[in-house]
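A short worksheet on the structure shown next.
Coordinate-derived values only; no laboratory data. All values reported here derive from a predicted model rather than from experimental measurement. Positions of Cβ are generated from backbone atoms using ideal geometry, with glycine treated the same way; all protein chains shown enter the neighbour counts.
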Amino acid sequence: MPADPSAIARRCGECTACCDGWLKIRIRDHDVYPGQPCSFSSAGKCTIYDERPVDPCRNFVCGWLAPTSPLPDWMRPDKSDLIFLPASFAWRTIPVDVAVAVGKRPKAKARAWLEAFSRDTRRPLLLQSDGEWHAHGPPQFLRDMIEQISGGLDPLR
């Protein structure tokens with residue numbers, strides 16, 4: 001009898017989206033951001049993997065890899081062009097999910113899936129696409145996010 005697919009841990013495989021410069025992070029005094037991938041990533045491998053820092057590397061939780069991930073298999077970041085960061089921060093004690101485009105914008109199917117997930121679970125979502133933030137959730141969340149983002153909020157920090 002085959003193993004229960006939900007009990008099998010997902011693996012990054014060929015995906016290196018978190019190291020490719022789509023998330024704004026700092027590793028050992030090196031900035032990583034769009035257009036500037038991690039300087040410790042070479043040929044799809046981490047050159048300091050055994051000594052990688054706790055923050056951000058070891059503490060990073062890819063929403064697709066998380067053991068209780070709601071994301072379907074096809075939503076792996078390198079396949080959906082989107083990195084999902086579950087419960088990245090709280091708005092009025094409610095967890096807010098953040099999704100960041102890998103490239104200019106995520107695939108339309110991935111964006112539609114996340115927007116439906118946000119609506120169906122009533123979880124607010126901030127989606128970065130085309131270099132801009134798009135908020136999904138209750139009207140007051142939308143107003144608050146517009147105000148905070150125009151005031152300099154960076155959900156990736």
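Shape call for the stretch 113-156 from the C-alpha gyration tensor, a ≥ b ≥ c root eigenvalues: rounded (a/c under 1.5), prolate (a/b greater than b/c) or oblate? Don't skip to the answer; put the middle values down first.
On the way: a/c = 2.61, a/b = 1.43, b/c = 1.82.
The shape class here is oblate.
Excluding same-chain residues fewer than 8 positions from residue 45, which aspartates and glutamates have a Cα within less than 12 Å of its Cα?
14, 20
Place the peptides 83-91, 54-62, 107-115 in order of packing, highest mean first, counting for every residue the other Cβ atoms within 10 Å and averaging per peptide.
So the peptides 83-91, 54-62, 107-115, ranked by packing, come out 83-91, 107-115, 54-62.
If the chain between residue 147 and residue 104 were fully stretched, how many nm would it gain, using 0.36 nm times the residue separation less the Cα-Cα distance?
Computed gain between residue 147 and residue 104 is 13.1 nm.
Once both labels are modelled 7 Å past Cα along the beta-carbon direction, what's the residue 87-residue 121 spacing in nm?
Label-label distance for residue 87 and residue 121, simple model: 1.0 nm.
Cα gyration tensor of the chain, axes a ≥ b ≥ c as square roots of the eigenvalues: rounded (a/c below 1.5), prolate (a/b > b/c) or oblate?
The shape class here is oblate.
If I build a Gaussian network model for the chain, linking alpha-carbon pairs within less than 10 angstrom, which residue out of 11, 123, 76 has the largest mean-square fluctuation?
11
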